[in-house]
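These notes concern the structure reproduced below.
Values in this text are rule-based calculations from the coordinates and carry no lab data. None of the values given here were measured: they were computed from a predicted structure. With ideal geometry, Cβ positions are generated from the backbone for all residues, glycine too; neighbour counts draw on all protein chains shown.
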Amino acid sequence: MAPPAPGLDPWSLLGLFLFRLLLLLPPTAGEGGQGPVPRVKYLAGDGRRALSLFHQKGLQDFDTLLLSADGGTLYVGVREAVLALDIRDPGVPQLKSMIPWPASDKKKRECAFKKNNETQCFNFIRVLVSLNATHLYACGTFAFSPACTFIELRDSHLLPISEDKVVEGKGQSPFDPTHKHTAVLVDGTLYSGTMNNFLGNEPILIRTLGPQPVLKTDTFLLWLQPDASFVAAIPSTQVVYFFFEETASEFEFFDKLRTSRVARVCKNDVGGERLLQRKWTTFLKAQLLCTEPGQLPFNVIRHAVLLPANFSSDQHVYAVFTSQWQIGGTRSSAVCAFSLKDIERAFEGKYKELNKETSRWTTHGVPDDISPRPGSCSVGPSSDKALTFMKAHFLMDEQVVGTPLLVKSGVEYTRLAVEAAQDLDGHSHLVMYLGTTTGALHKAVVSGDSRAHLVEEVQLFPRPEPVLNLQLAPSQGAVFAGFSGGVVRVPRANCSVYESCMDCVLARDPHCAWDPESRICRLLRTPVPRSWRQDVEQGNPGWACANGPMGRSLRSHSRPQIIKEVLAVPNSILELPCPHLSALASYHWGQGPAPAPRASSVVYNGSLLLVLRDGAGGLYQCWATENGFSYPVVSYWVDSQDQPLALAPDLAGIPRERVEAPLTRVGGGAALAAQRSYWPHFLTVTVLLALVLSGALILLLVAPLGALRGRGKVQGCGTLPPGEKAPLSREQHLPPPNDHRTAASSVGADSDHLGTEVV
C-alpha cells in the first residue's frame, strides 16, 4: 500500500473510505409505512409552519371542544373547568372567561375508595353542547358520579355555575373518563351514547332533555354488546345515527371479532304502551364494512363526521377506522365514505334473526302481516305484534359497504374533520384533517373519484401524544386540536412556504394558488384573480407555470433563480446541502460545464460532499423530479480561494448570494505534513478494522457449526456397540440453504440538464 500524498490527512481518507462502503449497503425501509406519503413534513417548532398554543398552568385534558354559532369563540371542556377562548384574531387564542367545576371532596373520597387509580377521581368534562344563544349544557364524570349543569352565557362569557343547576348525569356522561362516548343536541333534545354504570359493561343510547319522553335501549335484550364503544352521533332529517364498535355476536371465531356499527333511532319515537315502555321502538343497527379487496377489514371505527349537503347531492359520512390486527407488524388506518342512501337502504332491507336452538343468526324477511314496517318512523304508536318483532329483530342483514378514500399503514388516526374547498375553476374538493396517536396532523385532499393525496404532515407537539379532538373553524381559516396540555391553533394552509410556481402547483393544495404578478404562492381569497394559477387534480406545472401549454420537460425553468456562491479552501471537504422540498420527489446532483478540474464527490443524506483539489470548482446543481417534471432546487457556484474562476457566460444575469458551506480541512500543505505524519495511525486503524471484521465473520460461522454439533450429540449415543454405525441425522440429508444476496445499484440522472451528473 502506497502512502497518501503529502498534506492529506489519512484519518479523513479513512472516513471517506468507510463512507463509500456504507453507500453499498441496501437502504432500510422507511417509517411512513405503505400508502400515500405526506409531501411535506413539519416537525414541532418548525418556523415554516407556525402554530399557536394555548395552555395554562393547572389545566389538563383539553378534549371537549365546541365552536360558537358566530365562529368567534371556542368553548373548551378541561379537567374540572370550562373555558371560553377568543379565536377571532390570528395567533394564540385569548382566554375570555373560565369557570371551575370540580367534583366535591365527598365524591372524590368515594371514588378513591372504589378505584385504585385516583388520577381518574376528578370531573372530566365529556359533554358540551349549545342549548341556545344564552345557555350551554355540560356533563362530566364527576369522580365516577356523572353530573350535568346549565351554564349561562353573557356576551359569550361564562357565568359561574350554581349548585341548584347541577343535575344527575347518568346516561349522558360516562362514569370512567377513559370510556368513549358521544352526544348530539337536536331541537333541544339530547341524544347520548355512553356507559350507564360504574363497571363499564352497560352501554346505553338514551334521549333526554326536551319535551319528548325519555327513551333508552333495553339492556336485557342485548341490543348492544357489553363492550360497545361509541364514537359519533349524527342527526338526519327524521332519524339520529349512532356510530360505534362492539364484539360481533353474529360471527363465530375463536377470538373476539370486533365490528363497526351504525344504529338508527327515529326522532318521533314515543316508546311502547304495554311492550317496550320507555324503550326505543325504532332501534335498528347494521354493520359497517371498510375494506380493500384482498386485505383484512378495518373493523374498528374511531370517529365519524358528516359533510354538509352543499358538497354533493348525496350526503356522505366519513369515518376513520383501524384494524384489530397488526398488518406487517404495524397498525394501519383507513378513511371510508358511506352514502346516507346506502345506510337507509340497509335499514329498509331484511333482518337477522337469532335461532335460540342453534345459537346461529339467520336471515329473516320483512313480515307481510305487520304494517307499517317494524322500525319505521311512522306516526303513532306501534302494535304489540310489531314491538314483539322488534325485540328480537334489531340487527339488519345487509352490510353498509364504504368506499376507501385513504389507506395508510404505520399510522393510527384518532380524529377527523372535513370541509369542502373550491379551486380556481369552481370545482369542489374534499379536504380532510386527520389527527394521529403520535400528535401529528395530516391534511388530505380528495379530488373527484380519485384517492386521497397527503398535502402535508404537521407535528403538533414536542413529545408524541394522541390528538384528543379536532374542531374546524372555517371563518377563522384554522383547525383547533385538543390534547392533554392545551389547544393548538393550526392554520389550514401556509402557502408562503412554497417559494416557486413549480412547488406551489405540485403541492396540489386547493387553498393555495400561484400569483404570477407578485411571484408568490398565496392563500385563495374571494374574488379570485383570473391570472392566478392552480392545478389540484393533476398537479401539472407545465400548464400552470407557463404562458401556454408546455411539454413535460419545462426547459424554460432549467435556469436557476439564484446562484449561491461558496468560497472553497483547497484540500478540504465541502458539504453542499440540498433542501428536500417534497417527499414525493427524487433528487440527484449535476455539474455544469467544468471550467476547472472536477472534484471527487459523494452524496450523503442528499448533500454533496466535495473533496477539493487545487483549482477545482464550478457549478453544482441539485435537481428534483416529481410528477414527471424536473427542476433545479438549489445551485452552487464553487469558487477556489487561491484560483478564482470566472462565472460561465450562460449564467450571467442570474442573482448571486454569497453563503458559507460547512467544510472540513483535509490537509494544510507540506508544512503541516512535515510537522506530523498520520501514516502510522492510518495503518493501525486499518489493521484493527480488518481484525474486527474477521472476528465478526468467524463468530457468525462458529455459531451454526456449534448448533449442528450439539444436535448430533443429542440425536446419537455417546458410545456405540462395536460393529454398529451411528444413524444419519435428518440434517445430513438436507441440502445446504441457498444464500441469496442483493447488491445496491445506482440511479442515473437526466442528461438534458445543465451539464452532467456527478458520480
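Filter the trypsin sites (Lys or Arg not before Pro) in the stretch 84-144 to those in DSSP coil with at most 11 other Cβ atoms within 10 Å of their Cβ, and list the result. Walk me through the numbers before you get to the answer.
Details: sites: R88, K96, K106, K107, K108, R109, K114, K115, R126; in loops: R88, K115.
Passing sites in the stretch 84-144 do not exist.
Taking the Cβ of T219 as the centre, find all other residues whose Cβ is under 11 Å away and add up their charges (Lys, Arg: +1; Asp, Glu: -1).
On the way: positive: K216, K279; negative: E202, D218.
Value of the local net charge: 0.
Lysines near K350 by alpha-carbon distance under 20 Å, same-chain residues fewer than 8 away left out - which ones?
K285, K341, K385, K391
Arrange the following residues from fewest to most other Cβ atoms within 10 Å of their Cβ: Y604, Y413, Y137.
Y604, Y137, Y413
Neighbouring Cβ atoms within 10 Å as the yardstick, rank K41, K256 fewest first. Intermediate values should be presented prior to the final figure.
Numbers: K41 17, K256 12.
Neighbour counts put them in this order, fewest first: K256, K41.
Put a dot 7 Å past each Cα toward the Cβ at N201 and E252; how far apart are the dots in nm?
Between E252 and N201, the label points sit 2.5 nm apart.
Apply the a/c threshold of 1.5 to the C-alpha gyration tensor of the stretch 347-401 and tell me whether it is rounded, prolate or oblate.
On the way: a/c = 2.37, a/b = 1.43, b/c = 1.66.
It is oblate, given that a/c is not under 1.5 and a/b is not larger than b/c.
Given the C-alpha centroids of the stretch 458-473 and the stretch 109-128, what is the distance between them in whole angstrom?
Computed from Cα coordinates, the inter-centre distance equals 25 Å.
Under the classification rounded if a/c is under 1.5, otherwise prolate if a/b is larger than b/c and oblate if not, where does the stretch 412-491 fall, given a ≥ b ≥ c as square roots of the Cα gyration tensor eigenvalues?
Taking the square roots of the gyration eigenvalues as a ≥ b ≥ c, the stretch 412-491 is prolate.
K341 to E273: FRET efficiency via 1/(1 + (r/R0)^6), r the Cβ-Cβ distance, R0 30 Å, to the nearest 0.05?
Values: r = 33 Å, r/R0 = 1.11.
Given R0 = 30 Å and the Cβ-Cβ separation, E is 0.35.
What's the center-to-center distance, using Cα atoms, between the stretch 428-444 and the stretch 189-250 in Å?
Here the two parts' Cα centres lie 28 Å apart.
What share of all Cα pairs of the stretch 63-178, in percent, falls into each consecutive 10 Å distance bin?
For the stretch 63-178, the binned pair fractions read 15, 46, 28, 10, 1 percent.
Please compute the Cα-Cα pair-distance distribution of the stretch 494-555 with 5 Å bins starting at 0, giving whole percents from short to long.
Calculated P(r), rounded to whole percents: 4, 21, 33, 26, 12, 3, 1.
Peptides 356-363, 567-574, 161-168: what's the order by average Cβ count within 10 Å, highest mean first? Mind dumping the intermediate values first?
Numbers: 356-363: 10.2, 567-574: 19.9, 161-168: 12.1.
Top to bottom by mean Cβ count within 10 Å: 567-574, 161-168, 356-363.
Which aspartates and glutamates, on any chain, are close to K165 with Cα under 12 Å apart, when same-chain ones fewer than 8 places away are left out?
E152
Can you tell me the order of 479-489, 381-391, 290-300 when each peptide is scored by its average per-residue count of other Cβ atoms within 10 angstrom, highest first? Numbers along the way, then the final one.
Numbers: 479-489: 22.6, 381-391: 18.6, 290-300: 16.5.
The densest-packed peptide leads the list: 479-489, 381-391, 290-300.
Name the lysines eligible as straight-distance cross-link partners of K114: C-alpha to C-alpha under 22 Å, and not fewer than 8 places from it in the same chain.
Within reach: K106, K170, K180.
Please tell me which of these pairs span more than 18 angstrom C-alpha to C-alpha: K115/K216; K408/K443; K41/K443?
Numbers: K115/K216 28 Å; K408/K443 13 Å; K41/K443 11 Å.
Beyond 18 Å: K115/K216.
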